[in-house]
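Below is one structure, written out as structure tokens, with a few remarks after it.
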Amino acid sequence: MDTVVLLHGLWRSRWSMAWPAWRLRAAGFRTVGITYPSRRMPIDALAHYVARRLPDPGAGRLHFMTHSLGGLVVRELVRTARPPGLGRVVMIGPPNQGSDLARQLQGSRVLRALAGPVGPLLASEADAVTARLGPVDFEVGVIAGAVARSVLARRFDGPGDGRVLVSETRVEGMADLVVVGRGHAFIMNSGPVIDQTIHFLQHGRFQPSSAASLVDLSATASRERT
């Protein structure tokens, strides 16, 4: 049986991933939720913290489902301590290129209060984040959100989930990307998002983006690739 490790985002705990965990178990996966101190350590220490708590996948593979910062933790973890039996990874709303919102708040008490030691990484330019974490050389599917802009994100250029732009979720080497009409805070608990996660973990690709629950941003994605 394959195992899925669920990693939450900033300010959260493993309980924020409880509903996806239940759905994954119903789909035949073993699940392990890990709570990590998202606001108290830099990214390398967070990756080490999680690595020491990873389960033994046995004869199966070790997959990940992550929300927000959890995606960066997995990238750092694989870069420094690649787990045996690594399988597929679904990153939901990950700031893979850093965060324009964090850059707008760079140097402020607000960013320090919200993000703690990972704030400087989130506020870094995209090339700096890539230089630190590198491209992915494992199977990654990214789920991005696109909703009406929040008060905090009105200065954003392009679609996003209110915290992270669709363009910021992309990472070199990813296998697939799909955009859903959900906001950042609870995107991981959306039924269509969980359905897409299960499909990717099983098949290495998301379901076709013609589904009514998905957002058609093909033109935007095409511009982002150029």
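The values are calculated or read from the model by the stated rules, or taken from the named source; none is laboratory data. As the structure is a computational prediction, the values presented were derived from the model and not from experiment. Glycine gets a Cβ as well: all are built from the backbone with ideal geometry, and neighbour counts include every protein chain shown. Please note that ligands, DNA and RNA were not included when accessible areas were found on the heavy atoms of the full protein model with its side chains. Shrake-Rupley method; radii C 1.70, N 1.55, O 1.52, S 1.80 Å.
Pull up segment 104-125, narrow it to residues that are open to solvent by less than 30 Å² (accessible area, probe 1.4 Å) and part of a helix (DSSP H, G or I), then point me to the one that is modelled with the lowest pLDDT.
In this case the residue turns out to be 115.
Name the single residue that is most open to solvent (accessible area, probe 1.4 Å) among those in segment 65-97 being on the phi < 0 side of the Ramachandran plot and part of a loop (DSSP other than H, G, I, E, B). Quick ask: steps written out before the conclusion?
From segment 65-97, those on the phi < 0 side of the Ramachandran plot are 65-67, 69-84, 86-92, 94-97; that's our starting set.
The next check asks that each one be part of a loop (DSSP other than H, G, I, E, B); those that pass are 82-84, 94-95, 97.
Numbers: 82: 118, 83: 11, 84: 103, 94: 0, 95: 7, 97: 43 Å².
That would be 82.
Go through segment 24-42 residue by residue and tally those that are assigned to a strand (DSSP E or B) and open to solvent by 80 Å² or more (accessible area, probe 1.4 Å). Spell out the reasoning first.
Applying the first criterion (assigned to a strand (DSSP E or B)) to segment 24-42 yields 30-34.
Next, from what is left, pick out any that are open to solvent by 80 Å² or more (accessible area, probe 1.4 Å): 30.
Going through segment 24-42 one residue at a time, the tally reaches 1.
Condition test on residue 45, is it open to solvent by 20 Å² or more (accessible area, probe 1.4 Å) and within 14 Å of residue 87 (Cβ to Cβ)? Full working, then the answer.
On the way: open to solvent by 20 Å² or more (accessible area, probe 1.4 Å): yes; within 14 Å of residue 87 (Cβ to Cβ): no.
In short, no.
Would you mention how many residues in segment 164-173 are in a loop (DSSP other than H, G, I, E, B) and within 12 Å of the chain's Cα centre (by Cα)?
As a first pass, look at segment 164-173 and keep what is in a loop (DSSP other than H, G, I, E, B): 164, 170-173.
Restricting the remaining residues to those that are within 12 Å of the chain's Cα centre (by Cα) gives 164, 170-171.
Selection size over segment 164-173: 3.
Do you know which residues across segment 22-45 are under 13 Å from residue 194 (Cα atoms) and out of contact with any helix residue (DSSP H, G or I) (no Cβ under 8 Å at 6 or more places or on another chain)?
22, 25, 26, listed by residue number.
Kindly indicate which of 162, 173 is modelled with pLDDT of 90 or more and at positive phi.
Details: 162 fails: modelled with pLDDT of 90 or more.
Within the list 162, 173, the selection yields 173.
If I filter segment 10-23 for residues that are in contact with a strand residue (DSSP E or B) (Cβ under 6 Å, 6 or more places away or on another chain), of a type outside the set (Gly, Ala, Ser) and either in a loop (DSSP other than H, G, I, E, B) or under 15 Å from residue 136 (Cβ atoms) (or both), do I get at least one hit?
Checking segment 10-23: not a single residue is in contact with a strand residue (DSSP E or B) (Cβ under 6 Å, 6 or more places away or on another chain), of a type outside the set (Gly, Ala, Ser) and either in a loop (DSSP other than H, G, I, E, B) or under 15 Å from residue 136 (Cβ atoms) (or both).
Among the numbered criteria (1) farther than 26 Å from residue 162 by Cβ; (2) at pLDDT 95 or above; (3) touching a strand residue (DSSP E or B) at 6+ places or on another chain (Cβ under 8 Å), which one does residue 57 miss?
The one condition residue 57 does not meet is (2).
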